[in-house]
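Right, one structure below, let's go through it.
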Amino acid sequence: MADYPENLHELYCALGFVTSQWSSIEHTIDNCISLIFIVLNGIVIAKKQQVPRSMNNKLTYLRNALTKLPELSLFKDYGLELIDRIDPISKERQDIIHGVVIDLNQIHFEFTKLDYTKDEHIDRFYKFTVEDINHSGKKMQDLANDLSVYSGRLLHHFHPDS
């Protein structure tokens, strides 16, 4: 039987924390997009008149909505600030969640991840400690909370009876 580091369970808890916080972020982003699509006829600014599905397309759509739809002018500045916070956290999340742990030790965990370019895959290696992952999870938790409040304000503004 393999010897596993004592903090392996902590690693899996930290990975779960990141996963659950990212779910909150993405769910709230989707709620904002849904509201804009349905209530503000946001389909008119959507690429191919379709709901965006990838994170990059969602963020592009929200930026466009906040800058092009006058009904969102009250929400523009803070909305754009929140979007600017999402991108770097999204990249951290990609590495944490889509990386594969290849080396277990008590100090750090080495990961590998295949990155895509137009013509090839590039195998990238990097290290995280449990503390690094928990720190990313905390940033995601703070962002998820801020997005939830923002989404609630949008909903209350456009659906006061909700």
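Quick one: longest stretch of the chain between exposed loop trypsin sites (Lys or Arg not before Pro), exposed meaning at most 14 other C-beta atoms within 10 Å and loop per DSSP? Walk me through the numbers before you get to the answer.
Working: sites that count: 53, 118.
Longest gap between qualifying sites, sites excluded: 54-117.
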So which GluC sites (Glu not before Pro) in region 68-153 are both in a DSSP loop and have at most 11 other Cβ atoms within 10 Å of their Cβ?
120
Taking residue 47 as the anchor, which lysines have their alpha carbon closer than 29 Å to its alpha carbon, excluding any fewer than eight residues away along the same chain?
58, 68, 76, 91, 118
Given an 8 Å cut-off on Cα distances and at least 6 residues of separation, report the relative contact order of the chain as a percent.
30
I'd like the Kirkwood hydrodynamic radius of region 1-67, using the inverse of the mean 1/r over distinct C-alpha pairs, in Å.
14.2
Looking only at region 42-73, which residues have a backbone nitrogen under 12 Å from a spot 7 Å from the Cα of residue 94 in the C-beta direction?
55-57
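If N is the number of residues in region 54-162, what value comes out of its Cα radius of gyration divided by 2.2 N^0.38 Å? Walk me through the numbers on the way to the answer.
Numbers: Rg = 18.1 Å, N = 109, 2.2 N^0.38 = 13.1 Å.
Computed over Cα atoms of region 54-162, the ratio equals 1.38.
What are the membrane-span-like helices in the chain by this rule: whole DSSP H runs, Cα extent along the axis at least 15 Å, mean Kyte-Doolittle hydropathy at least 0.5? Before the final figure, lay out each step's value.
Working: long enough: 8-39 (46 Å, 0.86); 55-68 (19 Å, -0.74); 76-98 (32 Å, -0.80); 130-158 (41 Å, -0.56).
Those that pass (Cα extent of 15 Å or more, hydropathy at least 0.5) are 8-39.
Using a 10 Å cut-off around each Cβ, can you sort 97, 133 from fewest to most neighbouring Cβ atoms? Let's see the in-between values first.
Details: 97 13, 133 22.
In increasing order of surrounding Cβ atoms, one gets 97, 133.
Sort 18, 101, 44 by Cβ crowding within 10 Å, fewest neighbours at the top. Mind dumping the intermediate values first?
Details: 18 22, 101 14, 44 10.
Result, fewest neighbours first: 44, 101, 18.
So what is the calculated 222 nm ellipticity per residue for the chain, using -39500 (n - 2.57) for each DSSP H run with n of 4 or more, over all residues, to the nearest 500 deg cm²/dmol?
Numbers: 4 runs with 98 residues, N = 162.
The per-residue figure over the chain is -21500 deg cm²/dmol.
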Note the direction-averaged projected area, equal to a quarter of the hull surface, for the Cα convex hull of region 50-100, in nm².
4.0
Over region 1-126, how many percent of alpha carbon pairs lie in each 5 Å bin up to the one with the longest distance?
2, 9, 16, 17, 14, 12, 11, 8, 6, 3, 2, 1, 0
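A short reminder: the numbers here are calculations on the coordinates, not readings from a lab. Given the structure is predicted, the values throughout are model-derived calculations rather than measurements. Please note: Cβ atoms are built from the backbone with ideal geometry, for glycine as well, and neighbour counts cover all protein chains shown.
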